[in-house]
Structure formats: structure tokens, C-alpha cells
Amino acid sequence: MRAREMLNKLKWHPDYEARRYTVVYLHRGAPRNERAIAFEDIDELCTSDFRIVREDGIESYIPYHRVLRIEGPDGKVVWRKRPPPTT
């Protein structure tokens, strides 16, 4: 399952409370090059990315390929990006 599919599942499936999940994505320059946001901070799930709107109104579009993992309410990883294949 890809990041987009998992995020859509969290958003639409009645068995999940999306607001309780955290999305961690690659953010160059941040500590450990990672940034974590609450799922409820995602304003829109688009075709190739998702949109977040900061408190100051600035929009950012994050490509799905940057999503590293999704954590559940207890902090447990419920989805992780597969590592690239080794040759």
C-alpha cells in the first residue's frame, strides 16, 4: 500500500479516527530531516501530494513520496515507506 492509499483509508474508512494519527515526512533541514504533523492538519489529499495550511495561512504541498511513516494514536507505526531495493 502506498502513502496516498493509506492516508485516504484513514480519512474515509469508518474504523479509523484520522485525527488521532501522525504523518511523518521528509523535510530537509529539520532535525533528522523529518517533520511530524497531525493528520487533521492536512487540508486536502490531492493526486500527487497533500496540502497543509500553516497557522499564518501559508500553504505547502507535500508530495506523497516524501511520507516516511504514519503513526497511530499510541505512537506505533501503522505504515512505513519501503526502503529502496538493494542491488
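The values are calculated or read from the model by the stated rules, or taken from the named source; none is laboratory data. Since this is a predicted model, take the numbers as computed values, not measurements. Counting neighbours? That spans all protein chains shown, and the Cβs are built from the backbone with ideal geometry, glycine included.
Descriptive notes on the structure:
- Among (1) under 10 Å from the mean Cα position of the chain (by Cα); (2) over 16 Å from M6 (Cβ atoms); (3) not charged (D, E, K, R), the one test that I70 misses: (2)
- Any hit, region 13-23, residues being surrounded by 14 or more Cβ atoms within 10 Å (Cβ to Cβ) and in a strand (DSSP E or B): yes
- Options E59, E55: the member that is of a type outside the set (F, W, Y), loosely packed, with under 13 Cβ neighbours inside 10 Å and touching a Lys or Arg at 6+ places or on another chain (Cβ under 8 Å): E59
- V77 without any contact (Cβ under 8 Å) to a residue 12 or more places away in the chain, touching a strand residue (DSSP E or B) at 6+ places or on another chain (Cβ under 7 Å) and of a type outside the set (D, E): yes
- Of all residues in region 43-71 being of a type outside the set (S, T, Y) and in contact with a helix residue (DSSP H, G or I) (Cβ under 7 Å, 6 or more places away or on another chain), the one that is farthest from Y21 (Cα to Cα): D49
- Filtered by the rule that a residue be touching a residue at least 12 places away in the same chain (Cβ under 8 Å) and farther than 22 Å from R28 by Cβ, region 48-74 gives G72, P73.
- Filter result for R28 (part of a loop (DSSP other than H, G, I, E, B) and either at pLDDT 95 or above or within 20 Å of P84 (Cα to Cα) (or both)): yes
- Scanning region 24-35 for residues that are of a type outside the set (A, V, I, L, M) and surrounded by fewer than 16 Cβ atoms within 10 Å (Cβ to Cβ) yields R28, G29, P31, R32, N33, E34.
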